[in-house]
Amino acid sequence: MSKLAGTFFTNLVSMKGKVAVITGAASGIGLEFSRRCVISFGMHVVMADIDDHDLTREVNRINTEVNGGSSGGGRAIAVRTDVRKRDHYVRLLDVAQRASPSGCIDVCLFNAGVLGAGVQVLKGNENDWRWVLD
């Protein structure tokens, strides 16, 4: 096991100023994870989603809360991203590296996609998989 295992998120100071990339960040788990990383841990979070309107709204909400004094200096950055397109990922990761003083990305949560009732990605066929991402 890595010496770093178990050290992330153990206390507020351990993640302050670290950089995270989160896809599917305009709603649900991605949004809540983004919010907690910025507000609770003072991280710089590059939030990615295909829904530019909702993404921008949520990034503004998080940054407004940060500026209200409830955060340890974190910030949210919006990058509209279509996870089906490689060039979007390249741009997303470039933005994240530029947001980091060290050029490192510390946390990734690739959370984009949808699942519906009855879809079993691992047991399904190619069409099921494409539906999750498309």
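The values are calculated or read from the model by the stated rules, or taken from the named source; none is laboratory data. Here the structure is a predicted model, which means the values were calculated and not measured. A quick note on method: Cβ atoms are made from the backbone with ideal geometry, for glycine too, and the neighbour counts reach across all protein chains shown. Protein only, heavy atoms only, side chains kept; ligands, DNA and RNA dropped before computing areas. Shrake-Rupley method; radii C 1.70, N 1.55, O 1.52, S 1.80 Å.
Structure values in brief
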item	result
Any pair with Cβ under 6 angstrom, 6 or more apart, that starts in the range 31-54 at a residue that is closer than 25 Å to Arg84 by Cβ and ends at one that is open to solvent by 40 Å² or more (accessible area, probe 1.4 Å) and among the charged types (D, E, K, R)	Asp52/Arg80
Every pair of residues 6+ apart whose Cβ atoms lie under 6 Å, when the first sits in the range 63-81 and is over 13 Å from Arg35 (Cα atoms) while the second is modelled with pLDDT of 95 or more and open to solvent by 60 Å² or more (accessible area, probe 1.4 Å)	Arg80/Asp52
Helices (runs of 4 or more DSSP H) wholly inside the range 9-115 containing at least 2 residues that are open to solvent by 60 Å² or more (accessible area, probe 1.4 Å) and under 27 Å from Asn127 (Cβ atoms)	86-99
Residue check, Asp94 more than 13 Å from the chain's Cα centre (by Cα) and within 15 Å of Asp52 (Cβ to Cβ)	no
Failed criterion for Val46 (all others in (1) of a type in the set (A, V, I, L, M); (2) at pLDDT below 95; (3) under 22 Å from Val13 (Cβ atoms) hold)	(2)
Subset of the range 29-76 that is charged (D, E, K, R) and within 10 Å of the chain's Cα centre (by Cα) - its residue that is nearest to Tyr89 (Cα to Cα)	Asp49
Output for the range 90-134, where each listed residue is farther than 24 Å from Val21 by Cα and either among the hydrophobic types (A, V, I, L, M, F, W, C) or at pLDDT 65 or above (or both)	Ala117, Val119, Leu122, Lys123, Gly124, Asn125, Glu126, Asn127, Asp128
